[in-house]
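Novice: Before anything else, here's the structure in question.
The values are calculated or read from the model by the stated rules, or taken from the named source; none is laboratory data. In this text, all values refer to a predicted model and were calculated from it rather than measured experimentally. Backbone-built Cβ (ideal geometry, glycine too); neighbour counts: all protein chains shown. Calculation scope for accessible area: heavy atoms of the full protein, side chains included, ligands and nucleic acids excluded. Shrake-Rupley method; radii C 1.70, N 1.55, O 1.52, S 1.80 Å.
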Amino acid sequence: MILFVKLLLAHLLGDFIWQPNSWVADKEIKKHKSIYLYVHVVLHGVLATILAGEISFIPYVIFIAITHGIIDLIKLNFQKKKTKRTWFVVDQIAHILVLIAVVLLYQNKNIIPFWQDNTFWILLTGFLLVTKPVSIFIKTIISIWSPESQNSHQDNSLANAGNYIGILERLLIVCFILTNHFEAIGFLLAAKSIFRFGDLQEAKDRKLTEYVMIGTLISFGIAIVTGLIIQALLLQFS
């Protein structure tokens, strides 16, 4: 585990801390012709070697450096202006997966097929449930009370911001329940209430206030129940 942590630190230093914006810009323009691409790859190799601190790990460092360069090249050649964020996430996930695979291979540990693990399926289903499916369910339920003033204020908010906020808060609630930090749910509700207070006060619309409260309480309620069910199932199948 500590080896993975060290390699992750090397990755963070090489990809974020010690990679100037000028390198990134040059790579995006020149792609494989950019000298900074190769400097970047060598930097990752040097950092991984130093932090791993094991001579026998050097062949694996070479593999990490080469795959890092290949992944970066794929991103540089296929990303567009509109898909930059997507390719950034894919790029980082690919790098992390390489590090995990290298550590498991180096330490000669077997990879347990995740599809044979009940815990994986319970967590996957539970976390997936509280994202878009619950958002659609809540939207459908409270649509009959949708106040007109809400539509008139849509231009003042980020696109789909409320939807994403709801998803994030439900994911956090489930995590709090699974880690037995129920008190954090109260802090989350209080924080959301504080941020929402200004909007609701400015709107001066009782219907909007009630609409938001209904949506919030339904969202929190579903998340809490889902978290408790997941917790019970994990105990049963553990």
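Novice: Could you work out the relative contact order of the chain? I mean the mean sequence separation of Cα pairs under 8 Å and 6+ apart, divided by the number of residues, in percent.
Specialist: Values: 153 pairs, mean separation 45.6, N = 238.
Contact order relative to length: 19 percent.
Novice: Another question about this same structure. With a 1.4 Å probe and all protein chains left in place, how much of the accessible area of region 21-74 comes from carbon and sulfur atoms, in whole percent?
Specialist: 74
Novice: Among the listed pairs LYS33/LYS132; LYS82/LYS109; LYS80/LYS132; LYS84/LYS192, which have their C-alpha atoms separated by more than 32 angstrom in this model?
Specialist: Violating the 32 Å limit, Cα to Cα: LYS33/LYS132; LYS82/LYS109.
Novice: Kindly point out which whole DSSP H helices in the chain project their C-alpha atoms 20 angstrom or further along the helix axis while averaging a Kyte-Doolittle hydropathy of -1.0 or above.
Specialist: Qualifying helices, which must be both long enough and hydrophobic enough, are 35-52, 58-78, 84-106, 161-178, 183-203, 206-237.
Novice: Using a 1.4 angstrom probe, figure out how much accessible area the chain has per residue, in square angstrom, rounded to the nearest whole. Let's see the in-between values first.
Specialist: On the way: 15810 Å² over 238 residues.
For the chain, the per-residue accessible area is 66 Å².
Novice: Would you mind giving the average projected area, over all directions, of the Cα convex hull of the chain in nm² with one decimal?
Specialist: With the hull built on Cα positions only, its mean projection is 17.1 nm².
Novice: A follow-up question, please. To the nearest 0.05, how large is the calculated FRET efficiency for LEU124 and LYS207 if R₀ is 30 Å and r is the Cβ-Cβ distance?
Specialist: 0.20
Novice: Same structure again: Cross-link partners among lysines for LYS81, C-alpha distance below 16 Å, same-chain residues fewer than 8 apart left out?
Specialist: Result set, ordered by chain and number: LYS27, LYS30, LYS31.
Novice: If you don't mind, another one. How about LYS139: which lysines have a C-alpha closer than 18 Å to its C-alpha, ignoring those fewer than 8 places off in the same chain?
Specialist: The qualifying lysines are LYS207.
Novice: Here's a follow-up. When ranked by the protection proxy of mean other Cβ atoms within 10 Å per residue, highest first, what sequence do the peptides 163-175, 79-91, 117-129 form?
Specialist: Final packing ranking: 163-175, 117-129, 79-91.
Novice: Summing -39500 (n - 2.57) over the DSSP H runs of n ≥ 4 in the chain and dividing by its residue number, what mean residue ellipticity at 222 nm do you reach, to the nearest 500 deg cm²/dmol? Spell out each step's value before the answer.
Specialist: Working: 11 runs with 182 residues, N = 238.
Per the formula, -25500 deg cm²/dmol.
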